[in-house]
Structure formats: structure tokens, C-alpha cells
Amino acid sequence: MTVNLLDYDLEGLTAVCERLGEKRYRAVQLFRWIHQKGASSFDDMSDLAKSLREKLKGLAQVTPLTVMSQHISSDGTIKWLFDVGAGDAVEAVFIPEEDRGTLCISSQAGCAMGCRFCSTGHQGFSRNLKTGEIVAQLWFAEHFLRKYLQRDERVISNVVMMGMGEPLQNYSELVPALRVMLDDHGYGLSRRRVTVSTSGVIPMMDRLAQDCPVALAVSLHAPNDALRDDLVPLNKKYSIAQLLEACNRYLAHAPRDFITFEYCMLGGVNDQAEHAHQLVSLVRQYSSGGVWCKFNLIPFNPFPASGLARSALGQIQAFAKILMDAGIVTTVRKTRGDDIDAACGQLAGEVKDRTRIGERIARQRTFILQPMAALNSAVKEA
Ligand code: SAH
Ligand code: SF4
């Protein structure tokens with residue numbers, strides 16, 4: 001069986017090379033060719049000994065994901081749908097901003113957590129992605145964007161695990177992928193520029209703090225257990241109090257960091273002044289004096305099956321003001337890529353809907369070939 005070299009962090013690749021009788025520096029060279037230069041053909045890896053290249057050809061490959069479609073928003077946001085086999089698809093979204101380029105990637109096909117306001121949750125769980133499938137989203141996006149923007153330097157400066165799936169429910173495949181992102185021989189992203197977003201899988205938050213303390217975003221969405229039980233079913237297992245204690249433990253491993261609390265603004269459900277005041281009390285109760293969190297208010301992106309509505313802008317602003325007046329750093333997330341369904345919670349990936357994927361491949365074929373020029377200018381303008 002051929003191995004997928006995208007499945008390995010540098011330590012793993014070193015072990016593969018050692019099994020082939022090669023030294024560690026060969027693994028470093030190989031890793032750099034793959035992740036820094038975007039190479040997938042061993043023949044291109046000119047400074048590797050020919051004998052090693054021949055050995056690798058028989059045993060290994062760099063396995064990309066098949067791009068099913070690419071959509072470009074008028075604001076420069078790009079969404080890719082990747083085929084992960086057996087009728088499953090996952091999505092990644094590139095969000096260009098003035099001072100950074102953020103890639104939002106998926107960790108699972110579907111999600112088992114069943115949050116009420118999330119279309120991925122409504123689709124149900126299909127399977128965990130392999131490390132190589134998580135990394136392949138970044139590998140593809142980075143090298144694709146460099147080529148089409150004709151840039152030699154890095155395009156993606158931040159990665160957020162906020163696409164489809166609950167990353168901490170796929171822990172063993174996630175951590176090597178994070179290490180590839182952080183490795184200086186890989187994508188060289190700093191620990192604070194890689195964010196894992198979780199609905200609150202506490203035991204895995206504790207493990208992540210030990211193994212790879214990247215930036216942590218916690219999807220809070222409610223200030224009390226009754227409401228959170230209803231919105232995020234995982235809350236019935238781990239209460240808000242337990243979650244906030246876990247956040248404090250996490251920060252003990254990531255000094256000078258903060259937790260970002262995500263809070264999806266649902267009209268008439270969790271967006272009232274009393275909810276904001278309850279959040280302020282919670283933060284005061286757990287912060288023991290220092291600033292340790294910030295809030296990111298996400299205007300809900302509606303989808304029909306949810307039966308929920310987005311809070312009015314005035315309501316969101318009033319809510320933000322209560323938090324800010326209490327000294328809590330609060331931002332309201334701009335919705336990006338609205339016109340291509342790339343916003344949070346809209347990454348449905350058409351899991352299980354095999355027929356529609358078939359149709360979509362047929363429809364997208366022409367689309368994929370056609371908009372490269374548009375991509376260039378959309379991203380440059382953004
Ligand atoms: N499973 C992880 C990461 C993926 S979801 C988590 O829940 O944190 C990424 C973010 O998008 C989460 O904060 C999630 O609550 C939010 N989200 C999901 N559906 C949304 C929707 N319809 N509108 C706005 N935000 C949504
Ligand atoms: Fe899963 Fe996150 Fe969606 Fe909840 S919000 S269903 S945890 S992807």
C-alpha cells in the first residue's frame with residue numbers, strides 16, 4: 001500500500017525515512033519540498049538522491065483532495081468543495097483581509113454534535129478526516145493561491161479549524177496536522193495564528209493544552225445551562241462551569257493568551273440584555289482579576305431547517321456595548337462570502353447527498369475552468 005506523505009508531521013516523516021534507511025535531514029528536505037514548495041512529484045525534488053526518489057515512487061505519494069468546485073465571492077472570499085470519497089465532501093474557505101489571509105478548514109465530514117443553529121450539525125456525522133485530508137486543504141489552498149496570485153511568499157497567514165466538524169472529536173488526526181502547520185519546515189505559522197474552535201470537548205481541551213497549545217476558540221452561544229443545553233447538546237455532558245474551568249486550565253499552559261468565546265446571535269433566543277449581563281457575571285466569576293477572554297459575536301447565518309433568525313443589527317450592537325462597558329473586548333464578526341454560502345455554519349458539504357454531488361460535479365466542471373482570471377482580480381482587490 002502506498003502511504004500518503006501528507007499524513008505525517010516531521011517526526012512521522014522522519015520515522016518513514018528511517019524505515020527506508022534514510023537520515024533525518026532527508027525527511028526535512030522531503031517535508032520542505034512538499035509543504036514549502038508544494039511539490040507532489042518526486043522527480044521535481046531535485047536535491048534528493050535519485051535512489052531515494054526511486055524508492056519513494058514505489059511506496060509513497062502526496063495525495064491531494066479532488067476539488068469539486070470553487071466559488072469566488074464578490075468580496076474575494078473563496079470557497080472550495082473537496083471530494084473525500086464515498087459521497088462525502090468537505091469545505092474550506094479562504095478569507096483575504098488587508099493584513100492577513102485566513103484559511104478556514106474542516107476536520108470531519110459532517111458533525112455529530114447536533115447544534116441547533118448549525119447546518120453541518122443538522123446533516124449529521126459521516127466520518128473523521130485523516131491527518132492528510134486536513135493538511136491537504138491547506139496544502140492545496142496555499143500553493144494554488146501562490147500560483148494564481150503569482151506570489152512567492154506565503155499567502156495564508158492564519159488557519160482556523162472552524163469549517164465542518166468538531167476538531168476535538170478527531171483529536172489523534174488533528175494534532176499531527178497542527179504540527180505540520182506550526183513546523184518551521186512546514187507552514188511556519190505561529191502558535192497564535194492557528195486556532196482550534198470547539199463546542200467544548202473538555203477532556204480533549206486538557207490534552208491539547210499539553211500536546212499543542214494553539215489558540216483556542218470556544219463556542220459558548222449561551223450564558224446559562226438551560227439555554228446552552230438547548231442550543232449545544234454537548235452542554236448536557238459538560239456544563240458551562242466545567243467548560244470555563246477548563247478554559248482557565250488551558251490558559252495556564254498558554255501564558256499571555258486569551259480564549260475567544262464565539263457567540264452566535266440568534267434573534268429573540270440568546271441576544272437580550274439580560275443574556276449579556278449574565279455573560280459579564282460569568283466572566284467576572286472565572287477571570288480572577290485578569291483579562292482572559294474576548295467575545296466574538298457572530299450574526300447567525302440562517303438556513304431553512306433551523307427555524308431560527310439572525311438578531312437585528314441594533315440588538316447585536318446593544319449586546320456588544322454591555323460587554324464592552326464591562327471591560328470585555330468584543331468584536332462583531334463581519335459576514336464574509338455570503339453570496340457563496342461560505343459563512344459560518346453554512347458549510348454543509350452536502351454530506352450523504354450523493355445524487356446532488358454527482359449533479360454538482362457535472363455542473364461545476366465548466367465553472368472550475370472558467371473563473372481563474374476573476375479569482376486573480378477578486379483576491380487582488382480584496
Ligand atoms: N465545531 C467547532 C468548529 C466548527 S463551527 C465549533 O463548534 O466551535 C465554527 C463556528 O461557527 C462555531 O462557533 C459555530 O458555533 C459557528 N456557527 C455554526 N453555525 C452557524 C451559523 N448558522 N451561523 C453563525 N455561526 C455558526
Ligand atoms: Fe458541530 Fe460546531 Fe456545528 Fe456544533 S457548531 S454542530 S460542534 S460544527
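The values are calculated or read from the model by the stated rules, or taken from the named source; none is laboratory data. Given the structure is predicted, the values throughout are model-derived calculations rather than measurements. For neighbour counting, all protein chains shown are included, and Cβ atoms are generated from backbone atoms with ideal geometry for every residue, glycine included. The protein model used for the area step is the full one, side chains on, heavy atoms only, and it has no ligands, DNA or RNA in it. Shrake-Rupley method; radii C 1.70, N 1.55, O 1.52, S 1.80 Å.
Structural remarks
- Annotation: per residue accessible area for the stretch 3-61 equals 50 Å², rounded to a whole number [probe 1.4 Å, protein chains only].
- All distinct Cα pairs of the chain go into the 1/r average, and the inverse of that average, the Kirkwood radius, is 21.7 Å.
- Principal axis dimensions, largest first and in whole angstrom, of the stretch 172-310 by Cα: 48, 39, 24
- A simple spin-label model places the labels of R24 and A49 1.9 nm from each other, with each point 7 Å out along Cα-to-Cβ.
- For the stretch 138-208, convex hull volume per residue from C-alpha positions, Å³: 92
- For the stretch 66-352, the solvent-accessible area of protein heavy atoms averages 38 Å² per residue (probe radius 1.4 Å; ligands and nucleic acids excluded).
- Estimated FRET transfer efficiency when R0 is 41 angstrom, pair S172-H277 (beta carbons, to 0.05): 0.50
- Less than 5 angstrom separates the built amide H of E97 from those of T102, all sequence-distant by 5 or more or on a different chain.
- Reachable lysines from K55, criterion Cα separation under 17 angstrom, eight or more residues apart if same chain: K23
- Check: the chain dipole with +1 on Lys, Arg Cβ and -1 on Asp, Glu Cβ, in debye: 460
- Computed P(r) (all Cα pairs; the stretch 47-148; 10 Å bins; percent): 13, 37, 30, 15, 4, 1
- Here the simple spin-label model places points 7 Å from the Cα toward Cβ, and for R191 and R127 these points are separated by 3.4 nm.
- Relative contact order for the stretch 3-61: 35 percent, from Cα pairs under 8 Å spaced at least 6 residues apart, divided by residue count.
- Two-site FRET efficiency, R256 against K321, from Cβ-Cβ distance with R₀ of 30 Å, rounded to 0.05: 0.65
- The stretch 3-61, accessible surface, carbon-and-sulfur percent (1.4 angstrom probe): 48
- Shape box of the stretch 3-61 [Cα atoms, principal axes, largest first, Å]: 22, 22, 20
- Relative contact order of the chain, defined on C-alpha pairs under 8 angstrom at six or more residues apart (%): 19
- Karplus 3J(HN,Hα) series, Hz, for the stretch 207-213 with 6.51 cos²θ - 1.76 cosθ + 1.60 (x for Gly, Pro): 5, 4, 4, 7, 7, 6, x
- Close amide H contacts of M68 (hydrogens built in the peptide plane, cut-off under 5 Å, sequence separation of 5 or more or a different chain): L81, F82, D83.
- Relative intensity of the stretch 237-343 on a log10 scale, I(q)/I(0) at q = 0.10, 0.13 Å⁻¹, equals -0.32, -0.54, per a Debye sum over C-alpha point scatterers of equal strength in the absence of solvent.
- A simple spin-label model places the labels of K236 and K294 3.5 nm from each other, with each point 7 Å out along Cα-to-Cβ.
- Cβ-Cβ FRET estimate between L149 and D206, R0 fixed at 51 Å, reported to 0.05: 0.80
- Across the stretch 44-151, the relative contact order, built from alpha-carbon pairs under 8 Å that are at least six residues apart, equals 17 percent.
- Net charge in the neighbourhood of G307 (other residues with Cβ under 15 Å of its Cβ; Lys, Arg +1, Asp, Glu -1) is +1.
- Mean projected area (nm²) of the alpha-carbon convex hull when the stretch 9-107 is viewed from all directions: 8.6
- DSSP-defined antiparallel bridges as percent of all bridges, the chain, nearest 5: 45
- Expressed as a whole percent, the proportion of Cα-Cα pairs in the stretch 234-276 lying more than 12 Å apart is 71%.
- Spin-label proximity, N224 to the stretch 232-275 - amide N less than 15 Å from point 7 Å beyond Cα toward beta carbon: 240-241, 269-275
- Mean Cβ neighbour count within 10 Å, used as a protection proxy, ranking 332-339, 164-171 highest first: 164-171, 332-339
- Across the stretch 296-309, rounded Karplus estimates of 3J(HN,Hα) from the backbone phi angles (6.51 cos²θ - 1.76 cosθ + 1.60, θ = phi - 60°) give 10, 8, 10, x, 4, 9, x, 9, x, 5, 6, x, 10, 10 Hz, Gly and Pro being marked x.
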